[in-house]
Structure formats: structure tokens, C-alpha cells
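Worksheet: one structure, shown below.
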Amino acid sequence: MDVMAKTSTTTQGLRAAIERSGYYPALVAEAVEAAIGGEAIRSYLVHQETTFDANEVRRHVTVLVLTGNRFIVSHTDEQAADTTSPTPYATTSTESVKLGRISSVVVSRVVANPEEYTPGTLPREVVLTIGWGAVSRIDLEPAACGDPNCEADHGYTGSSTADDLSLRVSEAGDGPETVRQALAFAQSLSEATADITR
């Protein structure tokens, strides 16, 4: 398959995945395609999430796209009518990040019965966390020494974590294919960022 045909197939696959999510596909696709521009798509992940807020059901879709030079993340949320709008509305935002800015790609896998795990078995859940420096979280706690009777002030200790995007998919909630796609996307992104640092 030549590069042009592969690019066309990947673009069609992304469009089909957005349509399958059933979440304002024309709006989401237009925003994502505008952000991609003419670049070839290397990998993508579409994740639709439903949450319950008081008496309302809210939906949210995240689309992640990897091109040769960029990582693109798109979020679309729906909102009920409120004082600013007499009708329900949706907000779509896209962010384009140069691959060289990505500082971490963390993949957490949850497996059942780890003593029986065999390579290639699909995890029950995957959490993909990607950091590029736009958002950092600092966790602080009082520092202590080894003396249990010490009452001195030892200041604080803590850690800083890049936490720009965290996406959780599960076999039970999203289906095994979405878990596979999340793992494949994470691998593609990890490989692309490794290529940049070489």
C-alpha cells in the first residue's frame, strides 16, 4: 500500500470512529480535520464518555491524533441551556502540540488475576497520561525525619507531575476494541517522541 492510500485509509478510519461515537460527528470531525490540516495521520483515538451531573446526563468526546510532527487533542462538551444561552450548546476546542514538547507518556494497565497473566492478554483498564508542560500538578506534604518523637518543623516535601491529559478506557465501559486502540495510540506516541529525542 503506498503512503497516499494509507493516509486516505487512516483519515477515513478517523472519520468513521468519530461518526461511531455518535457525538455531534459533523462538529467534531470539522474541528479535528481543521486542526490536522494537510498532515498525514499516523495514529488516532476517539473516546466518548458519559457522566452524570446531578439530574443531567452529560457527554464528552476526546479525539487524539498523531501526525508526523504534532500531537492534536480535541475536546467537545455539551452544555444545557443556561443564563448565557437559551438553548443547549456544545463547545469544541483543539490543541496542537509539537512532538518535541511532549515530556511524558504514561500508560497504566490494570489486569485481573495477575498471577495468571499471559503476554498479549488485554488489560481490563488502561489510563493514558500525556504531559507537555501546559498543566502541572504539585502534591505537597509535611516533611518528617526518622525520629518518631521529633517535633521540629522540617518544611515540606512533594512532587511535581505533568498532567495535561489523562484518559481512562476500560473493557467493561468502552469495549475491548477501544482498549486496544488506546494501547496502540500510546505505543505510536511513545515511539514518535523517542524518534524526536534521538
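Read-outs throughout are calculated quantities, based only on the coordinates presented, and are distinct from any laboratory measurement. All values reported here derive from a predicted model rather than from experimental measurement. Backbone-built Cβ (ideal geometry, glycine too); neighbour counts: all protein chains shown.
In this Cβ point-charge picture (+1 for Lys and Arg, -1 for Asp and Glu), the chain has a dipole of about 860 debye about its Cα centre. When each of the peptides 98-104, 115-121 is scored by how many other beta carbons lie within 10 Å of its residues on average, the order from highest to lowest is 98-104, 115-121.
For the chain, the 222 nm mean residue ellipticity estimated from helices alone, with every DSSP H stretch of n ≥ 4 adding -39500 (n - 2.57) and the total spread over all residues, rounds to -9500 deg cm²/dmol. Span-like helix criteria (full DSSP H runs; alpha carbon extent of at least 18 Å along the helix axis; mean Kyte-Doolittle hydropathy of at least -1.0) are satisfied in the chain by 3-21, 176-197. Taking Cβ atoms as reference points and 15 Å as the exclusive limit, the residues near Val28 contribute a net charge of -4, counting Lys and Arg as +1 and Asp and Glu as -1. The peptide list 62-68, 25-31, put in order of mean Cβ contacts within 10 Å with the highest first, becomes 62-68, 25-31.
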